[in-house]
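Data first, discussion second: the structure below is written as structure tokens.
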Amino acid sequence: MSTEAAIKDLPDDAVVLELEDLVMHFGPVRAVDGVSLRLRRGQVMALVGESGSGKSTVGRCIVRLLEPTSGHVRIDGTDVTHLSRAALREHRRQVSIVFQDPAGSLNPRMLVGDVVAEPLRLQGRGLSRRDRQARVAEGLGRVGLRDEVARRYPHELSGGQRQRVSIARALMSDPTLLIADEPTSALDVSVQASVLNLLADLQRDIGFACLFITHDLSAVEYLADEIAVMYLGQLVEQGTRESIFARPSHPYTQALLSAAPVPDPVQQRSRRAVLLGDDIPSAMDPPSGCRFHTRCPVAVQRCVDEVPLLRRVGANTVACHLVQDDGSGPDVRVLGGPSRWTPAGLEDGVTQDTAPGTSPTRPQRSTG
Ligand SMILES: Nc1ncnc2c1ncn2[C@@H]1O[C@H](COP(=O)(O)OP(=O)(O)OP(=O)(O)O)[C@@H](O)[C@H]1O
Ligand code: SF4
Ligand SMILES: [Mg+2]
């Protein structure tokens with residue numbers, strides 16, 4: 001089944017966000033290259049993948065800080081891909097974003113109260129000064145900050161407090177969708193958990209849908225209902241948190257998750273971390289066929305020649321030639337051997353000759 005068919009399974013009124021074949025190129029850089037997904041009302045979808053895989057670019061296309069090269073972004077059924085300036089204003093009420101670095105995303109010359117009130121002003125809501133102050137106090141209160149913070153400047157606050165201000169501002173317009181782009185990764189480890197807990201509580205209480213962009217797998221396990229995995233501008237696997245953690249099908253997902261502990265100690269003992277190294281190919285010249293083939297421990301010739309399509313496999317959608325329709329296929333975490341694999345055969349131009357649909361042979365291992 002194609003992604004197209006798979007994502008159509010959801011009833012329309014349950015869908016807040018729909019991306020259809022989203023493409024964002026920056027000149028020769030193919031940052032996002034055909035991403036389709038659907039996010040339900042009130043759900044949290046984690047978007048994961050290594051640095052440079054295109055996660056932030058997807059987020060910025062959704063809030064329309066970027067105008068996509070092609071494809072469609074729909075919010076509540078409305079196509080927002082190429083909105084006029086006036087229509088963007090309503091869009092920015094519906095969809096908010098929290099960035100990684102609160103220091104960079106808050107205007108240092110504005111008082112916190114004005115920062116938080118900005119969405120109200122931009123929407124031209126005719127509130128009296130008093131009502132506005134009351135709304136700001138309420139907004140700050142729900143992120144755990146006292147009213148008096150409104151009279152301070154962002155630089156007078158700690159990193160955690162500043163990120164709470166960013167969250168308060170983002171929620172001021174009662175968005176149906178929040179994009180949280182690595183909302184805790186720039187913070188001290190000691191405050192990351194409290195900001196994450198705050199986000200989780202707010203999401204549960206208010207019920208906005210959230211696209212949660214992160215590298216932090218424990219945060220994914222804690223917060224996400226759905227997980228979408230990106231590699232070099234494309235989705236390689238998507239599914240519920242339970243199914244992705246319990247049974248990741250794509251070798252790249254398996255490698256990403258291999259560092260995360262599994263609850264079953266027997267399973268845990270038979271697994272090992274798969275280190276993929278830093279040799280991520282350039283988004284300017286992505287590999288042929290499966291873009292992961294230059295790093296995939298179980299790649300075969302077909303992976304070089306043919307692009308694997310996303311298709312429904314059990315509870316997940318997966319793009320891999322070796323994953324069978326019943327979800328069986330290679331598990332790169334239990335292949336044994338040293339912890340670093342390189343597809344040496346492929347690098348030599350001699351691909352392993354495993355017929356698709358059969359259990360792959362053990363790939364050559366790097367000796368270095
Ligand atoms: N404005 C831009 N101009 C040119 N290239 C860009 C621009 N923004 C992003 N890119 C490129 O697009 C690709 C995807 O970048 P993006 O920031 O979306 O990745 P990411 O998955 O968010 O990475 P990270 O985890 O490091 O935040 C990268 O190759 C990046 O260099
Ligand atoms: S087995 Fe082939 S198709 Fe599957 S992830 Fe590896 S390289 Fe891609
Ligand atoms: Mg990013």
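Report the trypsin sites (Lys or Arg not before Pro) located in the stretch 76-172 that are in a DSSP loop and have at most 16 other Cβ atoms inside 10 Å of their Cβ, or state none.
Those that pass, being in a loop and sparsely packed, are 109, 125, 146, 152.
Pop the C-beta distance of residue 121 and residue 206 into the FRET formula with R0 = 30 Å and round what comes out to the nearest 0.05.
So the FRET efficiency works out to roughly 0.90.
Enter the per residue convex hull volume of the stretch 4-243, computed from alpha-carbon coordinates, in Å³ rounded to the nearest integer.
128 Å³
Contact order normalised by length for the stretch 4-243, with contacts defined as Cα pairs under 8 Å and 6 or more residues apart; what percent is it? Walk me through the intermediate numbers first.
Details: 457 pairs, mean separation 67.4, N = 240.
Result for the stretch 4-243 is 28 percent.
For q = 0.24 Å⁻¹, what log10 I(q)/I(0) does the stretch 103-159 give under the Debye formula with an equal point scatterer on each alpha carbon and no solvent?
-1.00
Given H placed on each backbone N at 1.01 Å, which residues far from residue 16 in sequence or on other chains put an amide H within less than 5 Å of it?
Answer set, sorted by chain and number: 39, 40, 41.
For the stretch 314-329, just list the computed ³J(HN,Hα) in residue order, Karplus coefficients 6.51, -1.76 and 1.60, θ = phi - 60°, integers in Hz, with x standing in for Gly and Pro.
Per-residue couplings from phi come out as x, 8, 10, 10, 9, 10, 7, 5, 8, 7, 7, 4, 8, x, 6, x Hz.
Bear in mind these aren't lab numbers, they're just calculated from the coordinates by the rules spelled out. All values reported here derive from a predicted model rather than from experimental measurement. No Cβ is skipped: glycine too gets one built from the backbone with ideal geometry, and neighbour counts run over all protein chains shown.
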